[in-house]
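Please read the structure below before turning to the comments.
The values are calculated or read from the model by the stated rules, or taken from the named source; none is laboratory data. Remember, predicted model here, so these are calculated numbers, not experimental data. Positions of Cβ are generated from backbone atoms using ideal geometry, with glycine treated the same way; all protein chains shown enter the neighbour counts.
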Ligand SMILES: Nc1ncnc2c1ncn2[C@@H]1O[C@H](COP(=O)(O)OP(=O)(O)O)[C@@H](O)[C@H]1O
Ligand SMILES: [Mg+2]
Ligand SMILES: [Zn+2]
């Protein structure tokens with residue numbers, strides 16, 4: 001595949017930005033009414049569409065079709081055909097300045113930025129400043145930015161993005177329109193991955209694709225780069241390959257292991273663990289996944305409404321398994337003790353050369369008396 005997936009499949013319209021309905025609604029309405037603000041703050045986990053939305057706004061502010069065609073403008077979208085739209089898509093727009101605050105915090109960078117803000121756009125209507133990871137700007141840079149935001153020049157639009165909203169000084173964030181980008185539900189991620197493999201004519205097992213989606217923890221970027229990694233490996237694209245690449249077992253094995261443990265079957269549990277260990281999987285990761293899985297099963301036992309939340313992180317079949325395990329629990333205190341031992345085991349494993357031992361001990365401790 002010639003193009004990196006995340007570039008090739010970056011949404012080019014708000015309609016393609018999945019799972020951020022509220023953000024999309026407000027921004028497209030602003031676009032329809034020509035009420036683009038001068039400063040935005042996009043915050044939320046990585047890979048949820050912040051930079052994508054920033055570029056969409058940059059296109060909308062400068063789209064020529066929106067100026068010449070009143071009816072088109074009512075769509076609240078960029079045309080993706082005019083010169084500014086195309087240039088912004090290709091990343092060669094002089095008036096769209098993308099800055100990574102994590103690496104551009106020097107005095108010179110800020111002086112340059114200040115200078116840049118003062119000057120009018122070279123060929124567009126608006127000059128757009130997209131400042132990524134804005135919470136990492138230096139004190140000097142923040143001061144400069146603050147001055148600008150107090151009286152932004154009419155030709156400039158600032159789009160600040162961050163994964164850590166609480167680290168952005170209130171003096172800055174209070175001068176912006178703030179938007180929260182949500183972690184994406186597994187179904188949206190799966191939907192997009194399916195669209196990508198279909199378009200590219202790639203054959204991949206459904207359970208392998210599901211593991212990619214669930215491993216991405218709500219980040220499209222992670223899901224897409226994982227998919228790309230799997231494709232580039234050139235192996236059979238099945239569950240085992242994906243597990244190997246991730247170095248972690250998929251849901252099926254975590255689920256099977258949890259089932260054996262909850263059934264209090266010590267022998268089978270130990271054998272299953274030995275198999276997983278032999279296959280070279282990361283046991284620390286396995287323990288972490290197991291703890292999270294058991295915790296969800298336990299919590300579901302006490303509050304079945306949690307099923308709705310789980311549907312954001314798990315596939316339908318996986319949610320069914322959680323429910324089934326929860327129903328099978330007779331004595332919740334045993335599961336609580338087990339989780340406590342696993343947590344203890346987990347913290348020991350991370351600093352121990354014997355990763356298997358703390359995990360085994362935790363399990364034996366809890367299942368032995370039966
Ligand atoms: N909400 C979304 N809908 C569809 N694809 C998305 C979404 N968010 C991110 N992506 C995909 O992930 C890639 C990285 O997204 P990006 O906007 O750079 O994330 P962020 O800036 O929030 O870290 C995009 O190129 C796109 O392919
Ligand atoms: Mg980004
Ligand atoms: Zn356009």
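This table checks each residue for (1) at pLDDT below 95; (2) in the same structural domain as residue 203 (by TED's automatic domain parsing); (3) surrounded by fewer than 17 Cβ atoms within 10 Å (Cβ to Cβ); (4) part of a helix (DSSP H, G or I).
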position	(1), (2), (3), (4)
235	yes, yes, yes, no
277	yes, no, yes, yes
307	yes, no, yes, yes
330	yes, no, yes, no
340	no, no, yes, yes
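Here is a check on your reading of the model: is residue 115 surrounded by fewer than 19 Cβ atoms within 10 Å (Cβ to Cβ) and within 16 Å of ligand 2 (Cβ to nearest atom)?
In short, no.
For segment 47-66, enumerate the residues that are more than 14 Å from residue 33 (Cα to Cα) and within 16 Å of ligand 1 (Cβ to nearest atom).
Within segment 47-66, 47, 48, 49, 50, 51, 52, 53, 54, 55, 56, 58, 59 meet the criteria.
Please go through segment 1-31 and give me each residue that is more than 8 Å from ligand 1 (Cβ to nearest atom) and surrounded by 15 or more Cβ atoms within 10 Å (Cβ to Cβ), ordered by number.
Those that are more than 8 Å from ligand 1 (Cβ to nearest atom) and surrounded by 15 or more Cβ atoms within 10 Å (Cβ to Cβ): 12, 13, 14, 23, 24, 27, 28, 30, 31.
Can you list residue pairs whose Cβ atoms sit under 7 Å apart, with the first residue in segment 175-189 being under 13 Å from residue 159 (Cβ atoms) and the second being assigned to a loop (DSSP other than H, G, I, E, B)? Count only pairs 6 or more apart in sequence or on different chains.
Note: pairs meeting the criteria are 177/37; 181/20; 181/44; 181/48; 181/49.
Within segment 176-202, track down each residue that is farther than 19 Å from residue 215 by Cβ and either modelled with pLDDT of 95 or more or surrounded by fewer than 13 Cβ atoms within 10 Å (Cβ to Cβ) (or both).
Selection gives 176, 177, 178, 179, 180, 181, 198, 199, 201.
Exactly one condition in (1) surrounded by fewer than 20 Cβ atoms within 10 Å (Cβ to Cβ); (2) in contact with a helix residue (DSSP H, G or I) (Cβ under 7 Å, 6 or more places away or on another chain); (3) at pLDDT 90 or above is not met by residue 245; state its number.
(3)
For a quick check of your reading of the model, give me the residue pairs whose first member lies in segment 341-365 and is touching a residue at least 12 places away in the same chain (Cβ under 8 Å), whose second is not in a helix (DSSP H, G or I), with beta-carbon atoms closer than 9 Å and at least 6 apart or on different chains.
349/355; 355/282; 358/352
Give the residues of segment 309-328 that are surrounded by fewer than 20 Cβ atoms within 10 Å (Cβ to Cβ) and more than 25 Å from the chain's Cα centre (by Cα), sorted by residue number.
Of everything in segment 309-328, those that are surrounded by fewer than 20 Cβ atoms within 10 Å (Cβ to Cβ) and more than 25 Å from the chain's Cα centre (by Cα) turn out to be 323, 324, 327, 328.
Give 103, 123 a once-over and let me know the one that is over 24 Å from residue 24 (Cβ atoms) and within 16 Å of ligand 3 (Cβ to nearest atom).
Just a single option satisfies the conditions, and that option is 123.
Check every one of the helices (runs of 4 or more DSSP H) wholly within segment 13-91 and list those with 1 or more residues that are in contact with a helix residue (DSSP H, G or I) (Cβ under 7 Å, 6 or more places away or on another chain) and more than 23 Å from residue 176 (Cβ to Cβ).
Filter on segment 13-91 gives 65-68, 70-73, 83-90.
Among the residues of segment 150-174, how many are closer than 22 Å to residue 120 by Cβ and surrounded by fewer than 20 Cβ atoms within 10 Å (Cβ to Cβ)?
Qualifying residue count for the region: 6.
With respect to residue 158, is the statement that it is farther than 30 Å from residue 313 by Cα, assigned to a strand (DSSP E or B) and either touching a residue at least 24 places away in the same chain (Cβ under 8 Å) or not assigned by TED's automatic domain parsing to the domain that holds residue 240 (or both) true?
Spelling it out, residue 158 is indeed farther than 30 Å from residue 313 by Cα, assigned to a strand (DSSP E or B) and either touching a residue at least 24 places away in the same chain (Cβ under 8 Å) or not assigned by TED's automatic domain parsing to the domain that holds residue 240 (or both).
Could you tell me how many of the residues in segment 67-104 are surrounded by 19 or more Cβ atoms within 10 Å (Cβ to Cβ), away from ligand 1 (no atom under 16 Å from the Cβ) and touching a residue at least 24 places away in the same chain (Cβ under 8 Å)?
Going through segment 67-104 one residue at a time, the tally reaches 6.
Residue by residue, here is whether (1) out of contact with any strand residue (DSSP E or B) (no Cβ under 9 Å at 6 or more places or on another chain); (2) over 19 Å from residue 129 (Cα atoms) holds:
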{"site": "8", "(1), (2)": "yes, yes"}
{"site": "35", "(1), (2)": "yes, no"}
{"site": "61", "(1), (2)": "no, no"}
{"site": "65", "(1), (2)": "yes, yes"}
{"site": "74", "(1), (2)": "yes, yes"}
{"site": "82", "(1), (2)": "yes, yes"}
